[in-house]
Each structure stands twice: as structure tokens, then as C-alpha cells.
Amino acid sequence: MSFLCDNIDITPVYVRGEYMRNLEQGHGEFAKGIAHAVRCRRGYSIYFLVALLEPYGGAQFWLPIEALTWRPGAPVRPVRELQEYDCLSDTFAFVELRLLARGAAKIIRTGEKAQYRFTLDFGCGDLSDYPEQHKSLHVVWLEDGNIGAYPNNRIVFEDPAFWKTLDRRPDFEALDLEARAEVGFDAEKLRRKPAVFRTVVRIPEYLQKAGEQRSIGELLAEVEQEKVSHV
């Protein structure tokens with residue numbers, strides 16, 4: 001596995017102009033480039049190292065996934081629509097899955113079409129090694145010209161020679177089993193049980209009214225109002 005960054009296949013891309021000027025100018029402009037490496041940091045978007053072409057020939061720029069498109073003029077979209085989950089670890093592997101290579105795909109939530117390019121899988125980290133939270137990210141070219149990265153539960157792949165593609169999200173649940181060969185007892189006991197969290201809200205006495213039932217939202221709204229009135 002790689003740490004922080006690794007090479008990817010040489011990939012022609014376009015860079016949104018504003019990302020080369022700190023989002024202050026260059027909006028609507030696109031520069032040609034070649035993406036040739038990725039950087040994964042836990043809690044951040046996928047970054048691509050891009051070698052820019054003329055008129056910036058040879059300049060290198062690390063850019064987040066939302067800064068790149070595979071064709072000019074692609075619409076600007078919120079990053080959560082392109083990469084819903086941040087990288088899970090600084091340690092990762094890059095692989096082009098042979099069965100899916102350059103094949104068609106579909107984003108479940110929107111139904112939009114895409115083309116599979118490669119997969120990033122994460123390991124050696126707190127989230128990446130937690131069974132219920134582990135996610136691989138499949139990087140795809142979206143039909144509208146943007147580039148996205150989606151886990152298994154957000155994308156389905158099309159190959160009519162092997163299967164008929166689903167038209168909805170499959171009703172799966174995350175597997176919380178830590179599968180180990182040398183446990184020495186029933187592996188079912190290694191299932192992680194989710195922690196239960198409770199939020200305790202303390203209501204000031206001057207807002208407590210005997211015999212009156214109100215929702216937490218109403219009480220909190222009154223607390224905020226009282227804060228304002230006491231300024």
C-alpha cells in the first residue's frame with residue numbers, strides 16, 4: 001500500500017481556473033492538464049497532481065477532485081455530490097479493477113451515468129479498519145463532465161454480459177464482523193456492537209413550567225431567546 005501519494009495512469013483533465021487562483025478569479029476558465037498522481041489524507045478530499053499544459057506548460061499543481069473535469073464547461077457542483085465521503089486513511093492502494101475497467105456505471109442517488117476509471121482502498125487507520133465504516137472509493141467520469149468518487153453503496157456497475165443492473169439501492173446492511181481465521185472461539189463474538197450516545201439538555205429553572213409539556217426544540221429556542229434578551 002502507499003502512504004499519502006501514489007502514481008495513477010496518465011489521465012488528460014481540465015482544471016477549473018479559479019482553483020489555480022485561490023478561488024478569487026478565473027471562474028469559468030479551464031486549463032488543460034495531465035493528472036498523474038493522487039494524494040489521500042484522512043479527512044480530506046482526494047487530491048490529484050496535475051501537470052499543466054500550455055500556457056502553463058510543465059507547472060505542477062495539487063488539486064482537489066472538485067477542481068477537475070474530463071471535459072471543459074462541466075457545471076460546478078457541490079463537493080458532497082462528487083465525493084460524499086472523505087479519505088479514510090493516509091494509507092491506501094490504487095487499483096484498476098479488471099472486471100470493471102472503463103465500464104459503464106450509474107450513481108444510485110441521481111441515476112446519472114458514469115464511466116469507471118479506478119478504485120482507492122484504505123487501510124491501517126482507525127476508520128478504514130473499522131468494519132462498519134470501511135469504504136473503497138470508485139473514481140468515475142460523470143456524464144456531465146465532472147469527476148466523482150463513490151463507495152459501493154452509492155454506485156452500481158453495468159455489464160449486460162454478466163448481469164442486469166439494479167435500478168435502486170440494494171437493501172444491504174454494513175457487515176460489522178471482524179473475520180479472523182485464528183480466533184479460537186465463535187467469530188460471532190467479534191462483532192462490534194455500536195455505541196449508544198445520549199444527549200442531555202439542561203433547561204434553566206426559569207424556563208421550566210409545571211404541568212406544561214413542550215418539545216426540546218421549543219425549549220432550546222426559548223433558551224436562545226433568553227440569551228439574546230439578557231445581552
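The numbers here are math on the coordinates, done by the rules we state, and not lab data. Bear in mind the structure is a predicted one, so any value in this text is a computation, not a measurement. All Cβ positions, even for glycine, are placed from backbone atoms using ideal geometry, and neighbour counts span all protein chains on display.
Brief remarks follow.
- Leading residue at positive end of dipole, the range 5-62 (Cβ point charges), from PHE48, GLN60, THR11: PHE48
- Charge context of VAL95, other residues only, Cβ under 12 angstrom, K/R +1, D/E -1: -2
- Diffusion coefficient, µm² s⁻¹, Stokes-Einstein with Kirkwood Rh over alpha-carbon pairs of the range 2-158 at 37 °C and 0.692 mPa s: 208
- Placing a label point 7 Å from the Cα of ASP126 along the Cα-to-Cβ direction, the residues of the range 1-45 whose backbone N falls under 15 Å from that point are 42-44.
- Annotation: extensible slack from GLN60 through GLU112 equals 15.6 nm (criterion: 0.36 nm per residue apart, minus Cα-Cα distance).
- The range 20-87 - charge dipole about Cα centre, Lys and Arg +1 at Cβ, Asp and Glu -1, debye rounded to 20: 160
- Rh by Kirkwood over Cα pairs, then Stokes-Einstein D for the range 17-68 at 1.002 mPa s and 20 °C, µm²/s: 187
- Applying 1/(1 + (r/R0)^6) with r as the Cβ-Cβ distance of GLN133 and LEU23 and R0 = 30 angstrom yields a FRET efficiency of 0.45.
- Label positions at ASP6 and ALA161, each projected 7 Å from the Cα along the C-beta direction, are separated by 2.6 nm.
- Cβ crowding within 10 Å averaged over residues, with 39-47, 95-103 ranked highest first: 39-47, 95-103
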